[in-house]
Each structure stands twice: as structure tokens, then as C-alpha cells.
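Chemist: Before I ask anything, let me first share the structure, which is written out below as C-alpha cells.
What follows is calculated from the coordinates using simple rules that are stated; it is not laboratory data. Quantities reported herein were computed from a predicted structural model and do not represent experimental measurements. All Cβ positions, even for glycine, are placed from backbone atoms using ideal geometry, and neighbour counts span all protein chains on display.
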Amino acid sequence: MVFHTQTLERGATQLTLQGQLTVDKAAALHHRLIELVQQNETITLDLSLVEKIDLACLQLLFATRRSSRNGNKTFFLAGADNPAVSHALRMNGLDLAMN
Amino acid sequence: MMSSYVELFREEALELLAELEEALIALEENPSLGEPIDRVFRALHTLKGSGAMTGFEQTSSLAHEVESIFELVRSGDLDVTDELISLTLSAHDLLKSSLHAELTKTALDPQLRDVLLDQLYTLAQVALKKQAPPPQEETNSRGNENGPLNSFLVRFRPHASLFLRGIDPALLFRSLSEIGTCLIVGHHHAIPPLEEIDPEECHTNWDLLVVTGEDCNAIRDVFIMVEDDCDLSVHPLNSSLPLHCEVSSADFRSLLSKNVNIPDQELVSLLENNLLPEIMTGEDSLIQRIAEGLPAAKGEAETGKSLRVKSERLDNLVNLIGELVTIQARLGQTVAGRKDATLSTLTEEIERLTWELRDEVLFIRMLPIDATFTRIKRMVRDLSRELGKEIDLLVEGTETELDKTVIERLQDPLLHLLRNAIDHGIERSAERVAAGKSARGTIRISASHSGPKVVISIADDGRGLDPDTILRRAMEQGLVDGHHHLSEREIQQLIFAPGFSTASQITSVSGRGVGMDVVRRAIEGLRGTIEVTSAPNRGTTFTIKLPLTLAIIDGLLVNVGSDQFVMPLSAVEECVELTRAEVARNHGRHLIMLRNELIPYIRLRDFFDCRGAESKIEQVVITSHDGTRIGLVVDKVIGSHQTVIKSVGGTLQEISGFTGATILGDGRAALILDIPGIIADHAAQAHAAVA
């Protein structure tokens, strides 16, 4: 798994996730996401380069969305139409929940 | 040029039609089984869908009509009868013609279609009238009447520790979708915000709607690994409903999203009483997916198991491998001349890899023989009815694999043998009973592997071959003279002689001038052999032996003068020396004594009129064909040779004695000898000399 953080403008950051997002990487991803939500008003998660994602990491996407909403922040999800991601969402019955 | 999607549909449609035919025959054999009915239905449904998408409207609409008849069969309203199968088989033929007509942009007689559909609908109406139960009975039975499929509500609440056990719920759902069709609804509402979440714990719950032919236990079995790590409940739903009503995943989801914590029984009754009966068709409906053979979550998991490749590409691949084998042989020969250990090791490695690659590629071309056998089943069925004979067909070894080309070219000879067996072999019931046999005749076709060959046998329990009739006819037709005593086996083999026929009357089925010699030549063209054994009143058995592949053979490379030849290694028994002294001892007669057996030999030098210096010690390669052993005298046996067969064209095709050519390691061409042909030629010459 590779993180690539890019500051778009003041207070807006895009985090690009790349490679295999599996339960063994969940703790690291969790840590990075907390930082991201704490430090930014607008958060974009780019999933277009994800090769595999399992339920543990999918849950973190839902958690991020929830935290952003709780903190009145803006949360965007980019690249969720990546087949690896949409397949994982569908296989876990969460495809409509992400919309 | 055909556009790629049309070509793709054509291939798919042909496969579906073959599947339809096979399923219909299976259904006829066992009308009580549900599985072939589903297969028929699926094939028709897919044909309808893909046809409509690709613009094959005529074929698609015909498939739709037939499918609607089979809906009645599937719901149990229409019984599987002989008539239904016959009509549906005719519909299959019509679908094939319709496909062809649409591909070639020609017109299909609309009357054919109307007549057939009329017959089918009449059959369906008669059946429906007969079976229509009184109304009150229908109301009573509705609740108990179980369709072939059951539906279940599965509620899966894993404990937080699920991931620590190494369990991925998606894999459980995939297993579940292997036994049926599932709608999976995951509940994410319990997932805490980032600050509170333990990233290594499971916070998701699921409700699933499963439609399956299996029972409750099969569903529980899927979850057996997580039994102790979850709360699981499986509730059977009123099973008759999903067959008549259709539930869409969106409806199921929306119901659950409003009622996440709804108690089980409440949800079950909501599903049974409100959702299932009320919601009818939907694009995403379960039933739609079942009918399309696309389980909700299964589709993706199945991708990648097989790949559709154009057969020309495989042929190209085989040609390329052929070139590679040739170059490799050349490399081997070049390296052998230099004493370089490293180069030799590398060459050996390349040789090993080339052989492995060759075997793999040839293996890709192997297809099971069952498609051919299905056509046979259909033919036997239709023909025995036409001739009013009762025949059981037993088929064994349908999984036996053979090279694609061999399978394609085997079809006609097999059908010819079958036609003969039905027309001439199997007697009418009365005649059979009078002969003390069962009224129904039996034809047994089997295929099996035997070493590097495939053996196919076709056996009937009919009247058998009559040696006297065969001999008399053969003499009348001038195929044998009365001076030679022939063994029973030799007489039986006479049926393969060109022009031979015992049929006293020409029927529409066989005896149309195509004799058994055509069958024999077709089989020999595949480098195979055919033999017949028969006992009067007990039946006839044809045994066909075929090589697994036609593209590359193991050969024996020999040298005569300045020419080189390849003999198929499968025909070679052994090699012995032939000294001039031995030739002198036999006073010039072309015979060699080998372990007390006199074996005639042919000098290839004379046979092919080869030039170049004669060798002092020649070699006799003992070959055998059809039980006849014969020696072929060569100057030198060079060794075994991976032979890539190249066909020879033009004038060379007219010359007997060889079946093809190959390119040798040094770039020269060598002819591949036709051992059976040479033996037959030799016998004919000897016969002429005696006469």
C-alpha cells in the first residue's frame, strides 16, 4: 500500500491510495486517515489506483465519511468506479451504501 | 467481414444450440429430472437475450416462443412427452436454420416457424386443459406447493473478532452464491467514526436473501467456519412465492435500510406477505438472474476460469510450435558437431522446454468427444423412429479428449457406421424376438484412451455380418477370386474394400454408394485404423484407433542413398541388420527370418527408385499394420525425430507411398512414409505377379 498526499489548495487535501488495501494495512491507513480529517476541511480520497480492498479497509472509508460529517467537513470519494473497489463493495453488499 | 460481436454471438449461439440439443436428449432419457429442464430453459433464455442484443431478432423471437412453452414444463403444468421432445428438437433445428439465415441475410420460410409453433402451442393447450385443477384446490395447494427452489432469509451478525480469525466475509458470500443466488445487503450503520473505530475489528452486519435448490443445512454449512464467531439465523421463506413473483435487490435493500434492527420474524413476515407478492418484474430481479444463469454475486467470481479463443489462433500456435521444433532440431544438429559443453547444456534445456511447450499447446487443442456423441444420440433417435426400430443407445467415455481436427473429421465416418448399424445391423423387434433376443436393440459407443491412442468402438447386438454373403458378393464384384482360402477375419475385412456393398436394396439411409471403404479411408486419413469383428446373430463391433493429434508425430528418420524418410514410430516394431550374405542365403527372395518367422521385406531403394551408393550392411525396419508385419529396407537408421507434419500439395498428392513431408534439422525436406499404403501396394503387386 502506498499513500500519496497532495495539497490541492488551502485546507483541501487529496489522499491517493494505491495497491492492496487489506486488513494488515488497516492500522496504518486508519492512522493516516485520522491525521487527514483532523488537519483538513475538505478531504478527497482517490481510490483509482487501488488494486484490492477488503472489508476492514472499506469500513475505514465509511468511518472517514462519518467523521467528516460529524465535524462538518467535506468528504469526496474519487475513483470509486475502479473495478477493484466496486467489486469489493458489491461482494460485501455495500455498493449502494457508499452512494 | 463479420463484425466481432456478431461473430461472438454466432459462436455463443452454436454452443447454446448444442447445449439445448444435449439437454433435450438427456431430458428424454430421464423426463423426471429437473436439471435438464433448467438447462433447456437457460439455453433458450440466453439465446433469446443475446440474439435480441445482437440484432438476430428472428432467432431471438423464436427462442422466446419456445422458452414460453418450457416455462410451462418448468412450472410442472406441461409434462415431458415424446411429442414435446420431438417438437422441441425440430425447434432446435429451426433455430439453427434461422441463425444461419440471419447470418447469411437470406430468408427463412415463415411457414416452417408457424407450423412448428402451432404444434407446440396445441400441445401446451391440450396439456393445460387436461391438468387444470378445480379452483378451490388451487387455493388450497398454493401454500404447500414447493417449487424446485427454496428461498431463505439469512441474518449474519459476526462478532468484532472476525478478522482476527482470518475470515473475509466476502469469501463466505462467494461460497454462498455457489449454491444459489444471493442478494447481499451489508449494514454499515454500526461502523463507528474514525476516532472510535478499531480498524481490525468487524463492525458490519448482513442480511441476505438466498434462493437455492439446496436446503437450510447447506446454507449453514457455508458459515460453519465462523459458527463460534457470529450470530447466524436462517429462516426459510414461503418457498412457492419467488417462482411466481420477482424480488428486486433494490426493494429488498430499501426494506432493510428502513428496518435495520427489525426482529427476524417481523422481517420474514414482511418479506412473505408484502414484499414478495407485491413486487413483480424488475431488471435486477432475482428470478431474472436465475433465468439468465447469472447468480447475483457469482458472475464476477467465475470470470477468468475459461477464455474464448478463436480456433485459427490455436492452429497458428501449433504451426509456430512446429517451426520451433524444426529449428530446435536444427540447432541440436549444429551444436552436436561442436564440442562445447555450455552450448550443449543450453541446447538440451531449450529442447526440454520446446517439448514441454509442444505438449502444452497440443493439450490446449484437445476437446472432449461428447459434442460429437450428442449429434450421434440425436441421429440414432431420429433414425430409429424413422425406420420403426426400437434402439437403446449407450454412450461411454464422453469425457475422452481428442485433437480438435480429429474430432471434426471423425464425425462423418462415425455417423456412417451408426447409420449402417441401425439400417442393416439391428433387426426389427419381431425378428429379434424370433431370434431369442430382447425386442429392443442396443448400440454401444465408447471412447477411451489406450496409450498414445484413442480407441472408439461402436457395437450393436444386431444380426451380425454373414461371411457367406460377404464372400459371395465380393466374388461377384470381382474383389476376390475363388482360389484363395480366406479366414473368417479376412472375409469380414472385405467390407472395407472399395466398391463393396451387400445391400440388396438401396434405402434412403445407407447404401447410397458410399461404402465402408470411404469410412476406412477417412479413418486412415486421420492416421488411424479401423477393424471389424462380428458374430452371426450376436452383433458387429467396429473398433477405431486414432492418434491423439495430427500435427506432430514421433518418427524414425532413415536414410536411403541420398534421400531421407520418416516412418511413424507407432508403426515401427524393431530394426535388424540385413547383410549381403543373408540376402544371398535367401536366393534373392525378399524374406527375412526373424525369431522363426519369415517376414517379407520391401527395398525402399527399389520402391522409390533412389539413387546413391548402396550400403554394405543395410537395415530392415520391421513395421506392422493391421496385424501384417513387413520389413522396409533402408541404408541407415538415423534415429528418432520429432516430426512436424507438413501436407504436400499439387502433383505430389497423387503419388502413393507417403502421407506428407517434414523439414529436417539441416533444412532439407523428408517424406513421411505411408506404411499401410506401402503394404497394400506391395500386396497388390504380389497378387498381380501370382496371377
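Chemist: Scan segment A:48-99 for chymotrypsin sites (Phe, Trp or Tyr not before Pro) in coil per DSSP, keeping those whose Cβ has at most 13 other Cβ atoms within 10 Å, and list them by number.
Modeler: Qualifying residues, ordered by number: none.
Chemist: Hey, another quick one. Mind running the shape call on segment B:538-626? Use the C-alpha gyration tensor, a ≥ b ≥ c as the square roots of the eigenvalues: rounded below 1.5 for a/c, prolate if a/b tops b/c, oblate otherwise.
Modeler: Oblate, since a/c reaches 1.5 and b/c is not below a/b.
Chemist: Sorted from fewest to most neighbouring beta carbons within 10 Å, what does the list A:Met98, B:Met516 look like?
Modeler: With the fewest neighbours first, A:Met98, B:Met516 line up as A:Met98, B:Met516.
Chemist: Still on this structure, please answer the following. Under a 5 Å amide H to amide H cut-off, with H placed in plane at 1.01 Å, what residues pair with A:Ala78 once short-range neighbours are removed?
Modeler: When sequence neighbours closer than 5 places are left aside, the close amide H contacts are A:Leu45, A:Asp46, A:Leu47.
Chemist: Residues with beta-carbon under 15 Å from that of B:Arg603, excluding B:Arg603: net charge, scoring Lys, Arg +1 and Asp, Glu -1?
Modeler: -3
Chemist: A 26 angstrom limit on the alpha carbon distance is what I want to check against. Which of B:Lys404/B:Lys453; B:Lys377/B:Lys453; B:Lys48/B:Lys105; B:Lys310/B:Lys545; B:Lys105/B:Lys310; B:Lys404/B:Lys646 exceed it?
Modeler: Checking Cα-Cα distances, B:Lys310/B:Lys545 exceed 26 Å.
Chemist: Hey, got a sec? Which chymotrypsin sites (Phe, Trp or Tyr not before Pro) in segment B:160-222 land in a DSSP loop and have at most 11 other Cβ atoms within 10 Å?
Modeler: none
Chemist: OK, next. Working from Cα positions, state the angle (0 to 90°, nearest 10) between the long axis of helix A:55-70 and the longest principal axis of chain A.
Modeler: 30 degrees
Chemist: Around B:Ser640, under 13 Å between beta carbons, what's the net of Lys plus Arg minus Asp minus Glu among the other residues?
Modeler: So the environment of B:Ser640 carries a net charge of -2.
Chemist: Does segment A:43-99 classify as rounded, prolate or oblate by the C-alpha gyration tensor (a ≥ b ≥ c root eigenvalues; a/c under 1.5 gives rounded; else a/b over b/c gives prolate, otherwise oblate)?
Modeler: Taking the square roots of the gyration eigenvalues as a ≥ b ≥ c, segment A:43-99 is prolate.
Chemist: Okay, moving on. Where a Cα-Cα gap under 19 Å defines reach, which aspartates and glutamates qualify for A:Lys73, not counting those fewer than 8 residues away within the same chain?
Modeler: A:Glu9, A:Glu35, A:Glu41, A:Asp46, B:Glu195, B:Glu196
Chemist: Counting Lys and Arg as +1 and Asp and Glu as -1, what is the net charge of the other residues whose Cβ lies under 13 Å from the Cβ of B:Val361?
Modeler: -2
Chemist: Packing-wise, with mean Cβ within 10 Å as the measure, how do B:41-48, B:190-197 rank, highest first?
Modeler: Top to bottom by mean Cβ count within 10 Å: B:41-48, B:190-197.
Chemist: Please state the shape class of chain A: rounded when a/c is under 1.5, otherwise prolate if a/b exceeds b/c and oblate if not, all from the C-alpha gyration tensor.
Modeler: Because a/c hits 1.5 or more and a/b exceeds b/c, chain A counts as prolate.
Chemist: For segment B:329-336, in order, what is each residue's ³J(HN,Hα) by Karplus, 6.51 cos²θ - 1.76 cosθ + 1.60 with θ = phi - 60°, in whole Hz (x at glycine and Pro)?
Modeler: Ordered by residue, 3J(HN,Hα) equals 4, 5, 4, x, 5, 5, 5, 4 Hz.
Chemist: Given only helices, namely DSSP H runs of n ≥ 4 each adding -39500 (n - 2.57), what is the per-residue ellipticity at 222 nm of chain A, to the nearest 500 deg cm²/dmol?
Modeler: It lands at -12500 deg cm²/dmol.
Chemist: Enter the mean number of other protein chain beta carbons within 10 Å of the beta carbon of each residue in A:18-31, as an integer.
Modeler: 2
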